[in-house]
Amino acid sequence: MLAKELISDVVPALKTSDSGLDALNWMEVFRISHLPIVNNAVFLGLISDIDIYDMNTADEPLGNHTLSYDKPYVYEHQHIYDIIELASRLKLTVVPVLNKKEEYQGLITQSELLGKFADLIAAHTPGGIVELELLPRDYSLSEIARIVEDAEAKILSLYVSQTHGDNLFTVAIKLNRTDLSAVLSAFERYEYSVKTTYAGNDLYDDTVKKNYDSLMRYLTM
């Protein structure tokens, strides 16, 4: 999933001649905190609502405002993972998109980004979740997939994370079934450490359920 596929067709860019009030009005309409400033397809930077409030001169043209963000953007051929990394690192509610000539093509909103990422990880598809905890040297995607498929289940999505300072991998697996008994028995047979599990209405771990429900509420806002 590339940046050019995620560009919004409704959220406008600003011009240097627009006022801070214009920007704040558009931000309120689209429930965002940032907007790009563009003149003739030239991306000049990103302005935030805090920039405007700090200047205390919202009726002046945006060209008179100092931007707290220089020029954060992604190219239209970049993957959704790159977009998420930039948006997360800078806490952006929109991400500008440029082409290879560095001409402004549009922007990606946080809500669109989260919605597409939810599709990517099959968040809306019914199924159970299993989290394994293992050493990096013991991680084998092919073996995990084989164990799951031998238990007559399919992996819908899988991601690996590592807590800073921790030498263990956490492998989160979204499966196509809510009855996880066969899968859990298989992992136990191969001596995998199951950290947490969540299977639809059958609760194995209340923390996982709360985290999953919170994620789903956030993705559907």
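The values are calculated or read from the model by the stated rules, or taken from the named source; none is laboratory data. This one's a predicted model, so the numbers in the text were calculated from it and none came from an experiment. Please note: Cβ atoms are built from the backbone with ideal geometry, for glycine as well, and neighbour counts cover all protein chains shown. Side chains are part of the model used for accessible areas, which takes the heavy atoms of the whole protein and leaves out ligands, DNA and RNA. Shrake-Rupley method; radii C 1.70, N 1.55, O 1.52, S 1.80 Å.
Based on this model, can you work out whether L107 counts as open to solvent by less than 20 Å² (accessible area, probe 1.4 Å), more than 27 Å from D179 (Cα to Cα) and part of a helix (DSSP H, G or I)? Give the steps one after another, and end with the answer.
On the way: open to solvent by less than 20 Å² (accessible area, probe 1.4 Å): yes; more than 27 Å from D179 (Cα to Cα): yes; part of a helix (DSSP H, G or I): no.
Against the criterion (open to solvent by less than 20 Å² (accessible area, probe 1.4 Å), more than 27 Å from D179 (Cα to Cα) and part of a helix (DSSP H, G or I)), L107 does not qualify.
Which of the residues belonging to the range 179-198 are without any contact (Cβ under 8 Å) to a residue 60 or more places away in the chain, crowded, with 18+ Cβ neighbours inside 10 Å and farther than 20 Å from D138 by Cα? Within the range 179-198, just L180 meets the criteria. From the list N211, N176, N201, the one residue that fits, being open to solvent by 50 Å² or more (accessible area, probe 1.4 Å), at pLDDT below 90 and more than 18 Å from the chain's Cα centre (by Cα), is N201.
Would you be able to say whether some residue in the range 76-85 is hydroxyl-bearing (S, T, Y), farther than 29 Å from A23 by Cβ and at pLDDT below 85?
no
Inside the range 57-105, can you point out the residues that are among the polar types (S, T, N, Q) and within 24 Å of the chain's Cα centre (by Cα)?
Of the residues in the range 57-105, the ones among the polar types (S, T, N, Q) are 57, 64, 66, 68, 78, 88, 93, 99, 105.
Answer for the range 57-105, where residues must be among the polar types (S, T, N, Q) and within 24 Å of the chain's Cα centre (by Cα): S68, Q78, S88, T93, N99, Q105.
Of the residues making up the range 21-48, those that are outside any loop (DSSP other than H, G, I, E, B), open to solvent by less than 50 Å² (accessible area, probe 1.4 Å) and in contact with a strand residue (DSSP E or B) (Cβ under 8 Å, 6 or more places away or on another chain) are A23, M27, H34, L35, P36, I37, V38, F43, G45, L46, I47, S48. Say we look at the range 50-69 and pick out the residues that are among the acidic types (D, E) and in contact with a Gly (Cβ under 9 Å, 6 or more places away or on another chain); which of these is surrounded by the most Cβ atoms within 10 Å (Cβ to Cβ)? Within the range 50-69, the match that is surrounded by the most Cβ atoms within 10 Å (Cβ to Cβ) is D51.
Sort out which residues of the range 70-82 are assigned to a strand (DSSP E or B) and exposed (fewer than 15 other Cβ atoms within 10 Å of the Cβ), and write them in order of number.
Initial filter on the range 70-82 (assigned to a strand (DSSP E or B)): 74-75, 79.
If the condition is that a residue be assigned to a strand (DSSP E or B) and exposed (fewer than 15 other Cβ atoms within 10 Å of the Cβ), then H79 is the only one that fits.
Quick grid of which residues meet (1) at pLDDT 90 or above; (2) among the charged types (D, E, K, R); (3) touching an Asp or Glu at 6+ places or on another chain (Cβ under 6 Å):
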| site | (1), (2), (3) |
| --- | --- |
| S17 | yes, no, no |
| D22 | yes, yes, no |
| P36 | yes, no, no |
| N39 | yes, no, no |
| S48 | yes, no, no |
| D51 | no, yes, no |
| N56 | no, no, no |
| K71 | no, yes, no |
| L92 | yes, no, no |
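Considering the range 86-104 alone, what residues qualify as being part of a helix (DSSP H, G or I) and open to solvent by 90 Å² or more (accessible area, probe 1.4 Å)? So that I can check it myself, show each step before the final result.
Going residue by residue through the range 86-104, those that are part of a helix (DSSP H, G or I) are 86-90.
Residue satisfying the conditions is R89 alone.
Among the numbered conditions (1) surrounded by 17 or more Cβ atoms within 10 Å (Cβ to Cβ); (2) over 17 Å from the mean Cα position of the chain (by Cα); (3) on the phi < 0 side of the Ramachandran plot; (4) modelled with pLDDT under 95, the only one that G127 does not meet is (3).
Could you please let me know if Y81 is touching a Lys or Arg at 6+ places or on another chain (Cβ under 9 Å) and within 26 Å of A122 (Cα to Cα)? No: the conditions fail for Y81.
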